[in-house]
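Peer 1: Please read through the structure below; I'll follow up with questions.
The values are calculated or read from the model by the stated rules, or taken from the named source; none is laboratory data. Remember, it's a predicted structure, so these values are computed and weren't measured experimentally. Here Cβ is always computed from backbone atoms with ideal geometry, including for glycine, and neighbour counts include all displayed protein chains. All accessible areas refer to the heavy atoms of the entire protein, side chains included, with ligands and DNA or RNA removed. Shrake-Rupley method; radii C 1.70, N 1.55, O 1.52, S 1.80 Å.
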Amino acid sequence: MEKIKKVLSGHTFYEAAFIAVIAFSLLLWLAAIFKNGFHSSQFDLFFGRCADFFADMINCVGYSSQKDVYHNTMYTGTYEKIYPALPYIITYCFSKLVDMSKYWEANYFLHMYQEPFFLIIFLIFLFVVLLMIYECIRFYKNGNSLVKIGCAAACVLSMPVIFTIERGNLLLVSEFFLMYFIFFYDNGNKIVRETSLLALAAAFAFKLTPAVFGILLLYDRKIKEAVRAAVYALFLGVVPFLFFEGGLSNIRTMFQNISDSGAAYTDATGTPLYACFLALGMEGSDPRRQFIRIVTYVVCLLIVLGGFWGSKWEKAMGVSIVLMILPSRSGSYCIIYLIPAMILFLNEAEHRISDLLVLFAILLCMYHIQWPGRQWFDYHLGIILLMLLMMCRGIYRMYIFLKDKKIGAVLG
């Protein structure tokens, strides 16, 4: 029994299980597609079964091509123009690869992927970003070369990454910068630490929401670093707006668009807690949605507070969960936020037996298989399990802290 316990507590077991499950699920997923073709349930991993292939990227190319993004009502309303200016500058550059006039006239952009030159350049862009993510994981992951390569490859070929590739979402770029920050914000090298703050600012300038991870600096009482990261984020987040018509006035318009987007999209799809319960079979209703929103706020507060006494991986995992379940509009690709916290988790020299539940929840979020008639057995269940585990750990750590503080006051 002691020997089994030792094996289950060692990080080698966790790494081997993660690599094996992801690789096996990927092979089964591909086999099911080849066997059953388009009608396979495995094809549902892609949003709309690829009906709007690369839509997140291509639509942004169309919106930004006239340099007036935030007031652009072409194809969709302004509630879809919610990103900061920096990613729109990138998509504007891609608009120079095609003749946009015919797309403006048609008021439709989704066939743009059929442009050979555009497709080739974008695929090269995706390959470079994925290579950067792979190398960042491989460099930071401890263990031998086989473990490093296996974990990095498993992450790059995991479900949320493949889903994000199909969407063509620039979250992949933000993920690289966020990963670099989480891995190196406490590095012993001063230059590496400073570049990690710049990386957090860049992640914010692409997606806004990664700013939440700045709380990791506050957890470690790195107040000066948090201030510098905020200054970098302000610069990278604001200056790019000058590129577009309207300049800095677009900032206010962007936040109005975000507000309109929140009203247009309820938290019934993707990774919000309400969407997870719906996927598990709960009947939807507005009172239940409102109640679960309140529960979400309470859970997120407990997780964030518990992070002050957690290990590095627990802090990062907690913030990742909050970022996934709190926003009302949170797509399935947001599971990608778990990857850096997962690598921190796998890097632990020893694990408690209870960490097996964490590993199981992570694998549910990362694997590819979608069992016919068992749709609940997927990332929705994994998110709920991870949320409960991180909340319980947070409550336990707060209890221990308050208990020790009370004992200390009595003894003092």
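Peer 1: Around residue 19, what is the net charge, scoring Lys/Arg as +1 and Asp/Glu as -1 over all other residues with Cβ under 15 Å from its Cβ?
Peer 2: After counting each charged neighbour, the total is +2.
Peer 1: Based on the alpha-carbon set only, what is the convex hull volume of region 221-340 divided per residue, in Å³?
Peer 2: Numbers: hull volume 16.9 nm³, N = 120.
Given the Cα convex hull of region 221-340, per-residue volume reads 141 Å³.
Peer 1: Related question: Give the residue list of trypsin sites (Lys or Arg not before Pro) in region 73-148 that are DSSP loop and have at most 12 other beta-carbon atoms within 10 angstrom.
Peer 2: 96
Peer 1: State the percentage of accessible surface on region 246-294 attributable to carbon and sulfur atoms; use a 1.4 Å probe and exclude ligands, DNA and RNA.
Peer 2: Accessible surface attributable to carbon and sulfur in region 246-294 totals 59 percent.
Peer 1: Also, quick follow-up: Percent of accessible area on region 37-186 owned by carbon and sulfur, 1.4 Å probe?
Peer 2: Details: 4060 of 6030 Å².
Its accessible area is 67 percent carbon and sulfur atoms.
Peer 1: Just in region 95-152: which chymotrypsin sites (Phe, Trp or Tyr not before Pro) are loop by DSSP and have at most 16 other Cβ atoms within 10 Å?
Peer 2: 108
Peer 1: Determine the calculated [θ] at 222 nm for the chain from helices alone, applying -39500 (n - 2.57) to every DSSP H run no shorter than 4 residues and normalising by the residue count; nearest 500 deg cm²/dmol.
Peer 2: Taken over the chain, the calculation gives -21500 deg cm²/dmol.
Peer 1: DSSP loop (so not H, G, I, E, B), at most 14 other Cβ within 10 Å: list which trypsin sites (Lys or Arg not before Pro) in region 193-250 pass both filters.
Peer 2: 221
Peer 1: What share of Cα pairs, in percent, lie more than 17 angstrom apart in region 297-356? Working shown, then result.
Peer 2: Working: 781 of 1770 pairs.
I get 44 percent for the Cα pairs in region 297-356 exceeding 17 Å.
Peer 1: Shifting gears a bit: Can you compute the equivalent ellipsoid semi-axes for region 112-260, i.e. the square root of 5 times each eigenvalue of the Cα gyration tensor, sorted largest first and rounded to whole Å?
Peer 2: Gyration-tensor ellipsoid for region 112-260: 27, 25, 12 Å.
Peer 1: Determine the per residue accessible area of the chain with all protein chains present and a 1.4 angstrom probe, expressed in square angstrom.
Peer 2: 47 Å²
Peer 1: Hull surface divided by four, with the convex hull built on the Cα atoms of the chain: how many nm²?
Peer 2: With every direction weighted equally, the projected area is 23.8 nm².
Peer 1: Do any of 224/403; 141/190; 81/315; 148/224; 141/403; 190/405 go past 25 Å between their Cα atoms, and which?
Peer 2: 224/403; 81/315; 148/224; 141/403; 190/405
Peer 1: Let me ask something else. What does the net charge come to around residue 115 if you take all other residues with beta carbon closer than 14 Å to its beta carbon, with K and R at +1 and D and E at -1?
Peer 2: +1
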